[in-house]
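Structure first, commentary second.
The values are calculated or read from the model by the stated rules, or taken from the named source; none is laboratory data. Quick caveat, the model's predicted, so the values are computed rather than measured. Cβ: placed from backbone, ideal geometry, glycine included. Neighbour counts: every protein chain shown. These accessible areas exclude ligands, DNA and RNA; they are computed on the full protein's heavy atoms, side chains included. Shrake-Rupley method; radii C 1.70, N 1.55, O 1.52, S 1.80 Å.
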Amino acid sequence: MNLRICAGVFAGAAALAACAGVRSTPSPPTPPSAAPSDLPPIPTPRSARPSAIIPGAISIDSNPQGLQVTINGSDRGLTPLTTPAPFSLSASTIVVHGPAADYDIAYQASGTLPADIYYNSQADDAGVLQSISTTAIAGRAGEPLRSNTSGRPIERSGWSASQLYVTYAPRHVRAPLPGRDLFALPEERELRLVTVDPAQIETVRADLRGRAGVLAVDRVALIHLLSATAPNDPFFPFQWDLTVIHAPQAWAITKGNPSIDVAVVDTGFDARHPDIAGKVDYAESDIFGVTTPGFDAAQDLIGHGTNVSGIIAAMTDNGIGYAGTAYNVRLQEYNVFNGDAASGADVALAVSHAAAHAARVINLSIGAGVFIDAGMYAAIQAAIARGVIVVAAAGNQGLSIMEEPAADPGVIAVGASAIDDRGTGDLSGASEYVASYSNYGPLMTLLAPGGDPAGSSDTDYLHRVNNLWTSTENGEICTITPADGCGYRGSAGTSMAAPHVTAAVALMLSVDPQLTPGKAAQILRTSADDIGDSKQGAGRLNVDRAVSAAAGLPQPSRPQKINFVAIAYTAIPGTSVPNILDVTYPRGVPVSSDGSFRVADVRANAGPFEIGLWYDANGDGAVDAGDYFARAGPCSSNALCPNLALTAHPVGAGFVLQ
């Protein structure tokens, strides 16, 4: 099968016509008054094609049974039923019509995997639990807001290596305590500071905890300046995308570890480009099943791969061009395109080789529509099973569905956001929205900047993502000169969004090398920013919060309502991992931006359970320090949950899930 670069930027007008919502300018961003010279025409949406996808079966049950089910408005019968998954070029809407309320499920088939959908009408809490607040509640004195249990050195350590807080009750102390008092606390308590030999800190901590009158012994956090790190690349001021995702703030934690390799499976890269050539450790082409190693074989003749690579890791702080999002990590380049199309078999080969060459992240800014390619699917699943994190562009058809490979299980699917500055060319006061061309829907993990120009005459640099381009486009070689536009370009598409997330994952791996694909996706979801768009899913990437969570550092800001999920759960004794009972939403029911949610997918025989609101800050699947959590109280699968206004509290050390 053939794949298109339809998730991003094409080189010519003919190729541009093959995919919707993808636009580019051939010159670097200049002040908005400077007009581009030879923009390609605005592409038109490609027509729908017949699909070779094999739909999986979906099983739908309910309490009570005998409820009517419609899929995309078509009657499918009464529950319980098993029916083929609907084929559609957009996500399907499944409605289970209950006696009191209808239960809507946004559904997209993922390969041939079956789906299990359940609606408990008798326990439907629609209109009941509709309030969530993330107001922080002050913890006990000495209780840390965040624990750093990784034990791994990072560029910004979370805790002092030699200082401890001791909270104690003076009247109960039987022997003098080391250190000095800082100040008195309520309820006849004192806070004391103890300085110790770093090699003995845990021994001293254990000793102090065992002394009479000591209430708590906690680590002392290291405080850091939060000023943004601005590189000296001359076009950095035009990189609005790095500003909105808080990349400069994340660079105060890490700029990327050179031991982390990111694989870009695309059109190759420009080995002549001074802003990217020095970042590549390995390159090959995979064309018609033939692998040819070497930089020459991977030379980019289209521009797309160079652009994606620059967004991830362009050489930064080098006085030329643009900045990369994770600019200290290294790159592997795999050229799989013969002209504007690639074979799924070649992509599968490249993905397999990238995993074998120890790439930690693979970026796939490519799209195969709704076709499922067995080889590509198998290669991606094998890579994920090895712990490789795969990031893919959602596609540019403006539909509520992910293209393959973004639709594949375990893949981090990235849609595009854009800036509405009302033509002012000023980021301050501008609003952000889901780009008009971006796919969206239930399988989208999150958004990242992709741009959304109004047309070929749109010169507003805020409407494109600005970065590198090849100097050998269409076989013509130009001398890289920013003033002439050679080697640099503004582009738009979900192809540009995906590498921002790929770079964020590379930064997360730089502070937590043990990061798994599932944990990475969870952190990205729960750290995303709410941009107030109904199509945003989990929100738009916030690199600072994501890297902070991966590093075990305090979060830079409180979570938004959309960062929470509602869960029906029972506590597992001796652990802080909830046993989630939700069937249709096994990772928790998404909470909308207004704080509303419904928990109506718990089986009738589930027994008593709790309703919780949860922000899993570090993505570890446990309710632990750094998370936010609210417990609504006991519920039953056969009755409505209590009408409570929920407030999510920050979870401190020693929290016990109930």
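One table, with the values for the structure above:
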| item | result |
| --- | --- |
| Per-pair calculated FRET efficiency, R0 = 45 Å: residue 106 and residue 211 via Cβ, rounded to 0.05 | 0.20 |
| Table column - 3J(HN,Hα) (Hz), region 439-447, Karplus curve with 6.51, -1.76, 1.60, x for Gly and Pro | 5, 8, x, x, 8, 6, 6, 6, 9 |
| Candidate lysines - alpha carbon under 30 Å from residue 535, same-chain residues fewer than 8 apart omitted | 519, 561 |
| Full-stretch length increase - residue 478, residue 185 - with 0.36 nm per residue and alpha-carbon distance subtracted | 98.5 nm |
| Ranked by how many other beta carbons lie within 10 Å on average, peptides 209-215, 277-283, 385-391 from highest | 385-391, 277-283, 209-215 |
| Region 530-658: C-alpha gyration tensor shape, a/c 1.5 cut-off, then a/b vs b/c | oblate |
| Overall form of region 402-507 per C-alpha gyration tensor (a/c, 1.5; a/b vs b/c) | oblate |
| Accessible surface of region 422-524, 1.4 Å probe, proportion on carbon and sulfur as whole % | 48 |
| Sorted peptide list for 548-557, 639-648, 304-313, criterion being average Cβ within 10 angstrom, highest first | 304-313, 548-557, 639-648 |
| Amide N proximity, region 510-553 versus residue 358 label position 7 Å along Cα-to-Cβ, cut-off under 19 Å | 510-517 |
| Ranked packing of 177-185, 486-494, most packed first, by mean Cβ within 10 Å | 486-494, 177-185 |
| Cα-based shape type of region 514-582, given that a ≥ b ≥ c are square roots of the gyration tensor eigenvalues and the cut on a/c is 1.5 | oblate |
| Gain in span if fully extended, residue 174 to residue 575, counting 0.36 nm per residue against the direct Cα distance | 140.9 nm |
| Vicinal HN-Hα couplings computed from phi for region 384-398 (Karplus, 6.51 cos²θ - 1.76 cosθ + 1.60; Hz; Gly/Pro x) | 4, 4, 7, x, 6, 8, 10, 10, 9, 6, 6, x, 10, 9, x |
| Extension gain, residue 81 back to residue 514 (0.36 nm per residue minus Cα-Cα distance, nm) | 151.7 nm |
| Under 5 Å, built H, 5+ apart or other chain: amide partners of residue 263 | 332, 360, 361, 362, 363 |
| Calculated from backbone phi, Karplus (6.51, -1.76, 1.60) coupling profile of region 527-544 in Hz, x at Gly/Pro | 9, 6, 9, 7, 9, x, 10, 5, 9, 6, x, 6, x, 9, 3, 10, 5, 4 |
| Residues residue 428 and residue 161, FRET efficiency given R0 of 56 Å [Cβ-Cβ distance, rounded to 0.05] | 0.90 |
| Set of lysines near residue 279 by C-alpha distance (under 23 Å), chain-local residues within fewer than 8 positions excluded | 255 |
| Per-selection Kirkwood Rh - region 282-336 (Cα, Å, 1 d.p.) | 12.0 |
| Under 11 Å, Cβ to Cβ, from residue 599 - net charge with Lys/Arg +1 and Asp/Glu -1 | -4 |
